[in-house]
Amino acid sequence: MFTIGDFARHGRVSVRMLRHYDATGLLRPAHVDPATGYRYYAAAQLSRLNRVIALKELGFTLQQVRDIVDEKAGTEELRGMLRLRRAELEATVAAVAARLVQVEARLRSIESEGHMPTNDVVIKEIRAVRVAELTATATGFDPRDIGPVITPLYDELFRRLDAAGITPTGPGVAYYEDAPEGGGAITVHAAVQVSAPLRDGEDLRILDLPPVDRAATIVHRGPMDAVVPTAQALAHWIDGNGYRSSGYPREVNLECPENREEWVTELQTPVVEV
């Protein structure tokens, strides 16, 4: 038998935690001295302690932990609880990873202040192009708002094109506009070049994107989650060269391999002379 202090050291937990587990019924001492009230634990109880700690670290509530370790939860119920928790953890990891990408992008923007490239920007005329598209609404123009909307849009667009027997003839073109409902919401257009008759159906829209007389363009390499430094480099160039932007940039997907780090996208911002 171990004193509570010895058992805490062997279990790599605090005495206070053991007292809390005793009070909540998660881990009772094997013996309590009736005269002194001292708690004593058996080595076999380390197994239960390990399970309690592991389940707590997975985010289960005390009641859920108690049900699991006391085998009150059936196998199917336990499997369901673990699967749900796994999905929650995966979502949390994905969200944290996305935030890290944004932090790194903002950091690169800060570090490059005063050193914005000028020779990478090209002023060009953008010709009209026929595209097939689907649209949806994002809550804002932040990459964290756009990404979860545009990715499934493109997946669905290519599925519908395949069902309609239409083969893309050029790169994808994403473009944006303020949503009618306002409040900073953005209408997201996920489009791809096609050679097909004009169409304005509910399932698929085929239209001609109008030409742009003058656009300031720059090439972004890497995932669109990290586009902020490139977009801001373009903004600095526009501001410093006697232009102002007259709309949201188009994003032309020049190369989209499976590895998003190898993506090549041209940003095309319509501009007018100041």
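The values are calculated or read from the model by the stated rules, or taken from the named source; none is laboratory data. Predicted model, so just to flag it, every value in this text is computed and none were measured. Cβ placement follows ideal geometry from the backbone for every residue including glycine, while neighbour counts extend to all protein chains displayed. When the accessible area is computed, the model is the full protein with side chains, heavy atoms only, and any ligands, DNA or RNA have been set aside. Shrake-Rupley method; radii C 1.70, N 1.55, O 1.52, S 1.80 Å.
Here are the numbers for the structure shown:
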quantity	calculated
Residue that is nearest to residue 247 (Cα to Cα), among those in region 154-193 that are open to solvent by less than 20 Å² (accessible area, probe 1.4 Å) and not in a strand (DSSP E or B)	179
Qualifying positions in region 62-86 - modelled with pLDDT of 85 or more and open to solvent by 60 Å² or more (accessible area, probe 1.4 Å)	63
Top-ranked residue in region 200-209 [being in contact with a Leu (Cβ under 8 Å, 6 or more places away or on another chain) and open to solvent by 80 Å² or more (accessible area, probe 1.4 Å); ranked as farthest from residue 134 (Cα to Cα)]	200
Criterion (assigned by the TED database to the domain that holds residue 147 and without any contact (Cβ under 8 Å) to a residue 12 or more places away in the chain) met by exactly one of 229, 257, 223, 210	257
Filter result (more than 39 Å from the chain's Cα centre (by Cα) and closer than 15 Å to residue 16 by Cα) within region 33-57	38, 39, 40, 41
So residue 48, is it out of contact with any His (no Cβ under 6 Å at 6 or more places or on another chain) and part of a helix (DSSP H, G or I)	yes
Close pairs from region 129-149: first farther than 20 Å from residue 95 by Cβ and assigned by the TED database to the domain that holds residue 204, partner assigned to a loop (DSSP other than H, G, I, E, B) and of a type in the set (S, T, N, Q), Cβ under 9 Å, at least 6 apart	130/169; 130/195
Selection count, region 230-274, where residues are among the hydroxyl-bearing types (Ser, Thr, Tyr) and part of a strand (DSSP E or B)	4
Test: residue in region 247-267 that is farther than 24 Å from residue 151 by Cβ and open to solvent by 40 Å² or more (accessible area, probe 1.4 Å)	no
Residue ID - surrounded by the most Cβ atoms within 10 Å (Cβ to Cβ), chosen from residues in region 122-135 that are out of contact with any Pro (no Cβ under 8 Å at 6 or more places or on another chain) and closer than 22 Å to residue 269 by Cβ	131
Residues that are charged (D, E, K, R) and in contact with a strand residue (DSSP E or B) (Cβ under 9 Å, 6 or more places away or on another chain), drawn from region 29-53	33, 39
Residue list for region 1-45, filter: open to solvent by 40 Å² or more (accessible area, probe 1.4 Å), in contact with a helix residue (DSSP H, G or I) (Cβ under 7 Å, 6 or more places away or on another chain) and part of a loop (DSSP other than H, G, I, E, B)	14, 28, 30
Restricting region 210-229 to residues that are assigned to a strand (DSSP E or B) and more than 29 Å from the chain's Cα centre (by Cα), the residue that is surrounded by the fewest Cβ atoms within 10 Å (Cβ to Cβ)	213
